[in-house]
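Heads up: the structure comes next, in structure tokens.
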Amino acid sequence: MEILKKDNFVYGVFLGLIVPVFSFYGYYLWKFSLYSFSDFLHALQGNKQLVTALTIPCLLLNIVLFTFHINGQRDKTAKGIFTVTLIYAVSALLFKFFS
């Protein structure tokens with residue numbers, strides 16, 4: 001596929017943003033499918049340990065994606081993914097400790 005060979009920072013940012021969203025929803029379906037999505041979000045706000053449990057798989061997929069692009073010598077795309085991963089990680093930490 002031609003799109004997977006693209007080496008572009010903006011493309012990396014897009015991938016870095018979208019993959020954790022799919023992981024977030026997948027985690028909901030896997031662990032909390034008995035509850036409504038709004039109940040899941042409410043539980044997430046009230047349970048800081050859940051934030052950590054959810055952040056790890058979301059960012060792990062970004063790390064896999066980052067590694068895939070680094071090994072494919074698509075450094076600009078990897079930089080975009082890495083940038084977004086750092087923003088997600090810092091945001092999760094801030095949410096966990098200051099909310």
Subset of the stretch 1-16, residues surrounded by fewer than 16 Cβ atoms within 10 Å (Cβ to Cβ) and under 15 Å from the mean Cα position of the chain (by Cα), comes to Phe14
Name the residues in the stretch 48-86 that are of a type in the set (S, T, N, Q) and farther than 24 Å from Leu29 by Cβ, would you? Thr67, Asn71, Gln73, Thr77, Thr83
Residue within the stretch 87-99 that is closer than 20 Å to Tyr28 by Cβ and outside any helix (DSSP H, G or I) present: yes
Subset of the stretch 56-99 that is β-branched (Val, Ile, Thr) and farther than 12 Å from Val19 by Cα - its residue that is surrounded by the fewest Cβ atoms within 10 Å (Cβ to Cβ): Val90
If you scan the stretch 71-86, which residues turn out to be small (Gly, Ala, Ser) and not in a helix (DSSP H, G or I)? Gly72
Select from the stretch 29-48 the residues that are within 19 Å of Leu59 (Cβ to Cβ) and modelled with pLDDT of 90 or more and write down the one among them that is surrounded by the fewest Cβ atoms within 10 Å (Cβ to Cβ). Trp30
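The values are calculated or read from the model by the stated rules, or taken from the named source; none is laboratory data. These figures come from a predicted structure and were not determined experimentally. Every residue, glycine as well, gets a Cβ built from its backbone with ideal geometry; the counts of neighbours run over all protein chains shown.
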